[in-house]
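Taken together, the values in this text are just the output of simple stated rules run on the coordinates, not laboratory data. Model, not experiment: these values are computed from the prediction. Don't worry about glycine lacking a Cβ; one is built from the backbone with ideal geometry, like all the others, and counts go over all protein chains shown.
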Amino acid sequence: MRWETLAEEKAAPALFGTASVTRTFDTPEFRGITFHEVRARSLVNRVPGASRMPFEWTVNPYRGCSHACVYCFARKTHSYLDLDTGIGFDSQIVVKVNAPEVLRRELAAGSWSGEHIAMGTNVDCYQRAEGRYRLMPGILSALIERSNPFSILTKGTLILRDLELLRAAAARGDVGVSMSVGFTDPELWRTVEPGTPSPERRLDTVRTLTDHGIACGVLMAPVIPYLGDSPEQLRRTVAAIAAAGATSVTPLVLHLRPGAREWFLAWLDQHHPRLRRRYDALYANGAYAPTWYQRRITRQVHELATEYGIGPAGPGAARALPRPPAAPAPPDPAAGTQLALL
Ligand code: SF4
């Protein structure tokens, strides 16, 4: 384990300009990853532009995500800390080590009215770092003690570690869980989501959750144009989602906002250079694929979902499933963060 003091930081980026950073270190069990432990001043975060989102409040105990999805649109948020949005986003993980205690305090405040809290909306709260820091059990306990409704969106199979807590919340009807699985193609997964559990393992996790009475929907995101959007691929993915016992499936087409766009297109040039011109045309008008394309994918997935007997997300699941959000605003590095996860 290598320890550094703040005084040893040569170039002090924005993150290290805050008094909240307590230590920065690498550890052999997480080779290539540097943790920056901070003490957050607040945790419950109001979503900017909440009118476009199905939830208003979020909790994010981490910044950066070792799941390293090439397309991740939370990448941009690392630039607010003067951290790199490419490899840096994947490997420089900010950990709010006091997250459970801060959340407890905020939920107990007279000003808090017990509204729904969404988690996994910025970066994955069940990424690998959670195996080390174990922040989620404290966070879930705080929410359960207050009977505060919440939802979790994740690609992490680590969520099963907290099965008993989730069961307790589900018994009261206070929890919505969604797994993110955009495709099942193993080759695509290895290159575009290199730090995540495989789609197969994620769907096994869906099965385990539902077997234990925790309804779990699937956010089919992202559907990647020309790589994961053929009728056969969509059918295979929806069939696998249905077989896993998911309660719903909601498709979301890849979007490429600044921060993610450069990183994704560099990956495309390396792995699928023949597609570059088609992408430039499809995303010529900005971050989103054209409406006709999005509608086509949505229609196909909904038809398949109906065929396989699961249907799209119902009103009860909608809170857990983010739609493409508004552009993020710079956050306070030590406070809660804004939305970003697919
Ligand atoms: S898309 Fe989600 S799981 Fe992937 S890197 Fe971003 S936050 Fe992590």
Take each of the peptides 269-277, 211-219, average the number of other beta-carbon atoms within 10 Å over its residues, and list them starting from the highest.
211-219, 269-277
Quick one: if you stick a label point 7 Å off each Cα along the C-beta vector at Glu115 and Glu145, how many nm between them?
2.3
Mean-position separation - Cα centroids, segment 179-234 and segment 86-130, in angstrom
24
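All other residues with a Cβ under 13 Å from the Cβ of Trp267 taken together, and with Lys, Arg as +1 and Asp, Glu as -1, what is their net charge?
0
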Computed ³J(HN,Hα) along segment 279-287: with the Karplus parameters 6.51/-1.76/1.60, θ = phi - 60°, integer Hz and x for glycine or proline, the list is 5, 4, 6, 5, 9, 5, 9, x, 7
